[in-house]
Structure formats: C-alpha cells, structure tokens
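These notes concern the structure reproduced below.
The values are calculated or read from the model by the stated rules, or taken from the named source; none is laboratory data. Model, not experiment: these values are computed from the prediction. Please note: Cβ atoms are built from the backbone with ideal geometry, for glycine as well, and neighbour counts cover all protein chains shown. Heavy atoms of the whole protein, side chains included, go into the accessibility calculation; ligands, DNA and RNA do not. Shrake-Rupley method; radii C 1.70, N 1.55, O 1.52, S 1.80 Å.
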Amino acid sequence: MNILASYNWIKEFVILKQSPEEFARRVSLSGPGVERLYPQAPPFEFMIVGKVLELKPHPNADKLQIAVIDWGTDRAEIVCGGTNLSVGMKVVVALPGAQVRWHGAGDLITLEPTEIRGVKSSGMICGASEIGLQDGFPHAEREIMDMSWCKAKPGTKLAKALDLEDTVFDVEVTTNRPDAFSIVGLAREAAVILAEPFVWKEAVTPLMPKSSKPVPFEVANHEKTLCTRYQAVVMDHIEVGPSPWWLKNRLLMAGLRPINNIVDITNYVMLELGQPMHAFDYEKLAGGKIRIRKAKKGEKILLLDGSEKILSADQLIIADAEKPIAVAGVMGGEGTGVVDQTNTIVFEAATFDPVSVRRTGRSLDLRSDSSLRFEKGLPEEQTQAALARAVELCQKIACGQMASKVHDLRSDSRRRVKFQFRPDHAERLIGVKIPAARMVKILKMLGFGISRRSTIKKGKPVFDVEVPYWRVRDIEGERDFAEEIARVYGYANLPSEIPAGKLPLAPMDPVLIAEDSTKKYLSAAGFTELLNYSFVSSEVLTKAGFAPESCLQIANPLSTDFVFMRPSLVPGALAAIKENEGLFPENDLFEVSNVYQRHDGLNLPDELATVLIASYGTTADDRLFRRVKGTLESLFDDLDRDVQLKRTEQQNHLWHPGRTVDLFVGDVVIGTLGEIHPAILNAFGLAGRVVATEFDLAGLMQSQKRAGGYCSIPLFPPARRDLAIVAAENVEYTRVEAIIRSVTDLLAEVELFDVYRSDRLGKEQKSFAMHLSFSHAEHTLTNEEVELEISRILTALEKELGAKLRD
C-alpha cells in the first residue's frame, strides 16, 4: 500500500535538514521505501503574484480589459477577460516561459510575448484551472483566481506564496506496518533512521466549557467484539465552508479532493495520524442516538458515493434510533452527511475488527481510504489522539465548540505486550557485533519501553521490552527486536560475505524431478506453457460442466473470479484459449500444476500434480489428435514409463464420447486423451477444435520404470517387409501389434506407417500398413523363414481379429 506524503508536512514533526533526495535514499534503506519523488514547484515556474493597480477598457474588444499589474520590481500591462477582475485584487501572473492550459483544457502551452487585438500583453492573468489548481480554488468559467487572501507581496513566486516549494514522496508501506501509513508514522521512522529529534506532541481533548449546556446525545455499542472502541463528541456552532488553503494543499498533495472544512478535517486527521474518522450531522440523527450494531437483513442505506446498498445480517453498521447511517469502517451514509447548512456535528473515531471490515467491503463491493486502513488492524489507543486533533482543528477553522462530553466505549483494557530481550541473542541473529547500549537506544527511539532485569543469565544482560501501542499487531516476539535493530543499524552496513556450508541439493522427490523434466521436454517440443491461477470462478466451472458446489470453495476469495480451487486444468486452459485465439488461431499449449480434489469432512484437499497438453485450431482432420498423442507417447518414453491407451467405456461431460481414450498404468487409470466435447467448446465460445490430455503425474511416477537390459548389436542384417491388413473399423492398432509380437520370436521391430479407409475396402473396414523387421542372432534369415513368420502372423490376425491381407 502506498501513501503520498508531503516533505514539509513530515518536517513539522521531525527536525530535518536533509534534501528530499537524501531523505528518500536513507529512509528507503532502513524503513518504508520511497518509490518516487514529485517536486511541486516546477509546474509553477515563471508564475508570480501580481496586484491590479488599474483597469482600462480594451480599444478593440468589449469583453477584454487592460490591467496594469504591479509585480514587485516593475509594472506592466496585461490583457485579460476575467469577469471578476477588480482594482486592488491580487492575481496569478504567468510570465513568458510559463506553461499553462488554455481555459483549463487541452495540452500545456508555453507562453510567449504576444499582442491581443492589437494591444501588447506582457503575460497572462490566470484562472485556477489554467494552472491546475481548480480543486483548491474553484470559480466560475470566465473568472480568474483571486489571491487577495494571500499575504505574499507582489512579485513573490507563486510556488512560495502557496507553500508549493515542497516535494511529495510516493512511499510504499508494507501491510504489517499500518503505523507507518501516516505522516506522523513516517516522521517517527525518519527520526530514528536519521537520528533526528521527533517533536510530535499528542493533542489533548479540551473539556466542555462549564457554561455550555450539553446537547442530548447517547452512544451504545451492541457489538463489542467487532467494535473494540468507539469515541464520539458533539461540536456545536459549526460554520461549514471551504477549508483554508494550507489544509486544502495538504489534502491535494495526498491525492484527496477538498469537500468542506468539516469533511476535510476528518481526512486530514486520517492522513496525519493514520486513524480514519467520520462526521455526522447531529440534527439528522434520529433521537440524538448512535448505535453500533449488526444490520438487519434487507436494510438499505444510501452511501456518500451515491450508491444504495442492501445490507445483510452479518455486516456491522452505525445506526441512529431508526436506521443505518454508516457502514462501519467503510463509508458513511448520504442522509447524515455534513452540508453547508449543518450547524452541529458528531465526530466519530473508532476501532473495528479488520476481518469484519474486509468482508463487508468485499460483499458490498466497496473500497475506501478508511477501509484500507481498518483492514490492516488499528490500535484502540489511536482514537483518542485523533479525536482530540479533530476537535482542535474544528475549533480553529470552523469555530466549533464542544457540546457534549467525549463518549468513550471500550470493550477491553489496553493490551500491554512485553517480551524479553537478550542483546547477545540479537547479535547472533544479526551476525554483527553491536554494543548492547546501542541496541537499547535504537529500541527506545522506536518507542519501545525498556527495563533491565535485576537477574543476569550467564553474565549476559536481559531486558523486559514493552511494545508501544502502535506496534502491538506487528511485533510478535524477541526475534522482531533483532529485525528492528538490524534495519535501523542499516542492512547496507552488514558485511558482505559468501555463505559458508554446502550448496543445497537438487530436489530428490521423483514428482518434482518429473515436473521439471516435463516442462523442459514440452518446451523443447514447441509447446507454450500456461500459467493459470489455482482459483477459478463458478462461471468457468459451469461452462466446463463442473458443478461448483462439488468443488472446494475458498472462505475469503479475492474476488468473484477466484472463488473455487480448480478441480482440473482444462477449464483454465479453455478460458485462456478463448482469450488468445484472436492473436493465435492455432497453438500448442501445456501446463504442469496442481489440481485440488475436495474431501467431505476433511479440512485440506488432495493436491494432485497434473499435466495438461493441448492443441487447438480449425483443422477438420485428425492432425491435432496425432500431435498431442505423439507428443504424449514421446514424453512417456522420455520419462521411461509404460502407459497403455485404451478406449474409454464411461461417458464424461468434458470429453467427446467417440474420440477419447483413457491412459492406463497397469489397471489404474491416470488420465484421459481426447477431443473436448463440442458442447463445452460452444459454452466457451470456441469455434474450432481442441484436443487435450490430462493425467496425474504422481500416479505416473509411482509406476515401475521400464526394465532395462543390454542388447548386443546384431551381427547379421535384418529382413524387412511391409505388411498391409484389412480389419474392422473398431479394431485398435495396439491390439494388432500385441498379436503380431505374440506369434513370432524373430520380429525385431514393427512400425505403423499408414491407416487407410476407402469405399473399396467397405464402410466398416480400414487398413493398417506396417513396417516389419525380422532378425536372427546366429544367421541371416532366408526368404522362406521370413515368409513363414508372416504366414503365422496373418493366421493369428485372422483368427483373433478377422483381419485379412490387403489385396
């Protein structure tokens, strides 16, 4: 997860002198990684603050005026058509060389000295949209940006006047460190890494004035396990309006759009402290009450993004006395949102169960900056500082006054997490000798509380370390202390040494070896490897003929596309073929990965190492089948395994009933080879044909290797004959070859080279043509001996299969 952080904002909480580049380099080595730097001033180069001294009508244009501008060192005339331009007004002046977007549209253009309707203009008086500041200074279309509020003198650089001489860091924060996903968190990290003073002070919530009469307000928490702390306070006499520029500027740099001062305060506190907040319009709360409860099935809520959601009974919500007013930890409701007419508000700061927030967000298809933070798990202690900061800002920029006490509902006491710390143990883990005093100092700078035990083990000091509240979910034991010390010490400072010891051996598991061999073999054969997810959607399973309810379902899927563990590699392959057939109308594919078979009553499924080989295209002949079958048989030869192909007797929804065979190792079926059923192809929208084989690699490797043996080179030349027989259409070649080999001991080789069909042979007949090679170990075979062997073969084939010699 990434956060956009202003360097000037960070420097409010830690005293820094480093350049932005140096800051980014050093912090990235030991803490959150700074991925990119965005200097804010360059887009405003050649732009200054000017003051309108005089306005004169344009001699050649009714809608234009000539403004005499004071820009500090000189005066100049600029032609302008702004409808709100007035004498004494401070404006943004873009000088020649500045880049602006004409009327806020189109590409950037570079200004040059010019004449407008015959009058020389020394620059341009800009509207906010023309310099990219429309979100901070909204105004009507033909108006210009009013800078009269700014104390900067004429001639001041615009970047300086607007506090834009700053750099924004794009910082990657790991998900286990939500404490660093804030400006104060980054400042705390920087203070430790750079050894600079950390000067942030936690805000303190003021007490309600004794002279004030509290407004009626109640809070009740009915889900104490899902909401472990809920704090709220009422603020009265609110003046809702635009936020001051300094606050807008911070939000814009962080990628958030200003709304109004109250909403902006909640977003500002979230960015500064990492604690999401929300503000309700008190007058819109039925009964002046807030209830933390689960939704009732079928309840509806209109959210701030304009969407209406139907809630389920397992979702946590914030409600008033009558209705839901927010989805807890995700988004507030439109009905209680703060508007310009709001006079009294309720600030909320809470801690919600991260799993509940994540599930609710996913089920409602909602994502927000608040849910992003709550999903990582936030400490209960953080809400107090956030609420105090919000009250402080509200009093400062919205004239708010506290109108109630701070309601604080907490379901558990503060968790004090302690672990022992042994410096000598940490030193062994890090591999570098670091003085114990420096280790202790680093931990203290990180906020850990440390006390030394009175007892010493084997002359070595032992400490008790209390984890600060913002690291309770991250620090899990003594080893984590060593990691913290090592990163602050600097991984770059650790010596570079070649590891001692033996090199790791290659895997000895025969299945893993076979996986590697299979991938290398199929890649060399010209097949393209597929890399699919192990998760599939119910839609893909249904298209492939699988019943989703019979497959293994994931408890917390990433999305609706990844709900089930795949029971076969075929559905994913068909989806991939459909996605790519436009660019690759024909292709050969393979995948070697696991499939998952569900077991009722067991927690874990069977994970089966599986091989898929597939060819697809629009050909009408059997070329695809022969391509896959030949590759499969060659692969089995490479793996030194005997596999029999036999026509399947059972029907399968996935495979074509007349063009499918099973793969047998002994009497055990390990897979299938065949053409995908046309109905399945039609469901995936595939117009061509797909031939595939899928088999259990582990089942294959459990079979015995082929018996090896020595065979000497023949001393006498072989006798070769070609034999063509006619047999019934349903006769398989494997049966023919088995009979031939069983009746003669002189046969050295047999090779099928043609299968022929024609009307002359008959509708239910086909011809096999084979190369036969005969040899004898002690002499050269005579023609009579070879003819005798062929006669035996024909007799056996006719007896067993009814086959005859082809004319």
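Return a yes/no flag: does region 391-399 have any residue that is surrounded by 17 or more Cβ atoms within 10 Å (Cβ to Cβ), outside the structural domain of A486 (by TED's automatic domain parsing) and outside any helix (DSSP H, G or I). Yes, region 391-399 contains a residue that is surrounded by 17 or more Cβ atoms within 10 Å (Cβ to Cβ), outside the structural domain of A486 (by TED's automatic domain parsing) and outside any helix (DSSP H, G or I). Does L530 meet the test of being hydrophobic (A, V, I, L, M, F, W, C), in contact (Cβ under 8 Å) with a residue 60 or more places away in the chain, in contact with an Asp or Glu (Cβ under 7 Å, 6 or more places away or on another chain) and surrounded by 14 or more Cβ atoms within 10 Å (Cβ to Cβ)? Taking the combined requirement at face value, the residue satisfies it.
Take the conditions assigned by TED's automatic domain parsing to the domain that holds V611, touching a helix residue (DSSP H, G or I) at 6+ places or on another chain (Cβ under 7 Å) and open to solvent by 50 Å² or more (accessible area, probe 1.4 Å) and apply them to T542. Does it pass? If you could, list the steps in order and put the result at the bottom.
Working: assigned by TED's automatic domain parsing to the domain that holds V611: yes; touching a helix residue (DSSP H, G or I) at 6+ places or on another chain (Cβ under 7 Å): yes; open to solvent by 50 Å² or more (accessible area, probe 1.4 Å): yes.
When the stated conditions are applied, T542 passes them.
When region 378-398 is examined, which residues are found to be closer than 15 Å to V346 by Cβ and polar (S, T, N, Q)?
Of the residues in region 378-398, the ones closer than 15 Å to V346 by Cβ are 383, 386-387, 390-391, 394, 398.
Scanning region 378-398 gives a single hit, T383.
Residue-wise test of (1) under 27 Å from A544 (Cα atoms); (2) touching a residue at least 40 places away in the same chain (Cβ under 8 Å).
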{"residue": "G630", "(1), (2)": "yes, no"}
{"residue": "D640", "(1), (2)": "no, yes"}
{"residue": "Q644", "(1), (2)": "yes, yes"}
{"residue": "Q650", "(1), (2)": "yes, no"}
{"residue": "T660", "(1), (2)": "yes, no"}
{"residue": "L663", "(1), (2)": "yes, no"}
{"residue": "P714", "(1), (2)": "no, yes"}
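Taking region 211-258 as the range and being under 24 Å from K151 (Cα atoms) and assigned to a loop (DSSP other than H, G, I, E, B) as the test, the residues that pass are E239, V240, G241, P242, S243, P244, P258. Specify the residue that is surrounded by the fewest Cβ atoms within 10 Å (Cβ to Cβ); the eligible residues are those in region 431-452 that are free of Cβ contacts under 8 Å to residues at least 24 places away in the same chain and farther than 24 Å from L186 by Cα. Among them, the one singled out is K433.
Looking at region 483-506 only, could you name the residues that are loosely packed, with under 10 Cβ neighbours inside 10 Å and touching a residue at least 60 places away in the same chain (Cβ under 8 Å)? Outline the logic, then answer.
In the first step, residues of region 483-506 are kept if they are loosely packed, with under 10 Cβ neighbours inside 10 Å; the result is 492, 495-506.
Scanning region 483-506 gives A492, P495.
Restricting attention to region 138-152, the residues being open to solvent by 30 Å² or more (accessible area, probe 1.4 Å), farther than 15 Å from T83 by Cα and touching a residue at least 40 places away in the same chain (Cβ under 8 Å) number 2.
Of T744, T782, which residue is under 17 Å from P718 (Cα atoms), surrounded by 12 or more Cβ atoms within 10 Å (Cβ to Cβ) and of a type in the set (S, T, N, Q)? Break it down into steps so the answer makes sense when it comes.
Details: T782 fails: surrounded by 12 or more Cβ atoms within 10 Å (Cβ to Cβ).
The conditions single out T744.
When the residues of region 17-48 are filtered to those that are in a strand (DSSP E or B) and open to solvent by less than 40 Å² (accessible area, probe 1.4 Å), the one that is farthest from L162 (Cα to Cα) is G33. Is it the case that E12 is open to solvent by 40 Å² or more (accessible area, probe 1.4 Å), under 32 Å from the mean Cα position of the chain (by Cα) and either of a type in the set (V, I, T) or not assigned by TED's automatic domain parsing to the domain that holds R75 (or both)? For E12, the condition - open to solvent by 40 Å² or more (accessible area, probe 1.4 Å), under 32 Å from the mean Cα position of the chain (by Cα) and either of a type in the set (V, I, T) or not assigned by TED's automatic domain parsing to the domain that holds R75 (or both) - is not met.
The selection criterion, being closer than 22 Å to E380 by Cα, touching a residue at least 40 places away in the same chain (Cβ under 8 Å) and not assigned by TED's automatic domain parsing to the domain that holds T175, holds for R471.
Which residue out of D509, D480 is more than 28 Å from H677 (Cα to Cα), at pLDDT below 90 and either acidic (D, E) or crowded, with 17+ Cβ neighbours inside 10 Å (or both)?
Details: D480 fails: at pLDDT below 90.
Result: D509 is the single residue among D509, D480 that is more than 28 Å from H677 (Cα to Cα), at pLDDT below 90 and either acidic (D, E) or crowded, with 17+ Cβ neighbours inside 10 Å (or both).
When region 103-121 is filtered for residues that are open to solvent by 40 Å² or more (accessible area, probe 1.4 Å) and polar (S, T, N, Q), the ones remaining, listed by number, are T110, T114.
Here's a check for you: in region 404-430, which residue that is open to solvent by 60 Å² or more (accessible area, probe 1.4 Å) and under 30 Å from E497 (Cα atoms) is farthest from the chain's Cα centre (by Cα)? Explain how you work it out, then say what you get.
Within region 404-430, the subset open to solvent by 60 Å² or more (accessible area, probe 1.4 Å) is 405, 408, 410, 413-416, 418, 422, 428-429.
Among the residues that remain, those that are also under 30 Å from E497 (Cα atoms) are: 422, 428-429.
On the way: R422: 38, R428: 36, L429: 32 Å.
Checked region 404-430; the qualifying residue farthest from the chain's Cα centre (by Cα) is R422.
Only residues that are touching a Ser or Thr at 6+ places or on another chain (Cβ under 9 Å) and free of Cβ contacts under 8 Å to residues at least 24 places away in the same chain: list them for region 737-753, please.
V750, E751
Among the candidates D320, D369, the residue that is under 27 Å from the mean Cα position of the chain (by Cα) and either not assigned by TED's automatic domain parsing to the domain that holds L256 or not polar (S, T, N, Q) (or both) is uniquely D369. Scan region 472-525 for residues that are touching a helix residue (DSSP H, G or I) at 6+ places or on another chain (Cβ under 9 Å) and closer than 21 Å to T631 by Cβ and jot them down. Within region 472-525, V511, I513, A514, E515, S517, T518, Y521, L522, A525 qualify.
Counting the residues of region 681-717 that are open to solvent by less than 60 Å² (accessible area, probe 1.4 Å) and out of contact with any Lys or Arg (no Cβ under 7 Å at 6 or more places or on another chain) gives 14.
A quick yes/no check of all residues on (1) open to solvent by 40 Å² or more (accessible area, probe 1.4 Å); (2) in the same structural domain as A94 (by TED's automatic domain parsing); (3) within 26 Å of A326 (Cα to Cα):
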| site | (1), (2), (3) |
| --- | --- |
| D179 | no, no, yes |
| V184 | no, no, no |
| K210 | yes, no, no |
| K224 | yes, no, yes |
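Scanning region 122-136 for residues that are touching a helix residue (DSSP H, G or I) at 6+ places or on another chain (Cβ under 9 Å) and open to solvent by 30 Å² or more (accessible area, probe 1.4 Å), we see that the one that is farthest from G50 (Cα to Cα) is D135. Taking first residues from region 793-807 that are within 21 Å of A748 (Cα to Cα) and partners that are open to solvent by 50 Å² or more (accessible area, probe 1.4 Å) and in a helix (DSSP H, G or I), the Cβ contacts under 8 Å between residues at least 6 apart in sequence or on separate chains come to A796/S742. Applying the criterion of being β-branched (V, I, T) and open to solvent by 30 Å² or more (accessible area, probe 1.4 Å) to the residues of region 82-102, the residue that is farthest from A152 (Cα to Cα) is T83.
I need the full set of residues from region 153-170 which are surrounded by 23 or more Cβ atoms within 10 Å (Cβ to Cβ) and in contact with a Ser or Thr (Cβ under 9 Å, 6 or more places away or on another chain), in order please.
F169
Being assigned by TED's automatic domain parsing to the domain that holds D516 and open to solvent by 10 Å² or more (accessible area, probe 1.4 Å) is a property that L645 has.
Number of residues in region 49-77 that are open to solvent by less than 20 Å² (accessible area, probe 1.4 Å), assigned to a strand (DSSP E or B) and either closer than 19 Å to A161 by Cβ or not β-branched (V, I, T) (or both) equals 6.
Just one of the listed residues (R792, R760, R720, R806) is farther than 24 Å from Q644 by Cα, exposed (fewer than 12 other Cβ atoms within 10 Å of the Cβ) and among the basic types (K, R), namely R760.
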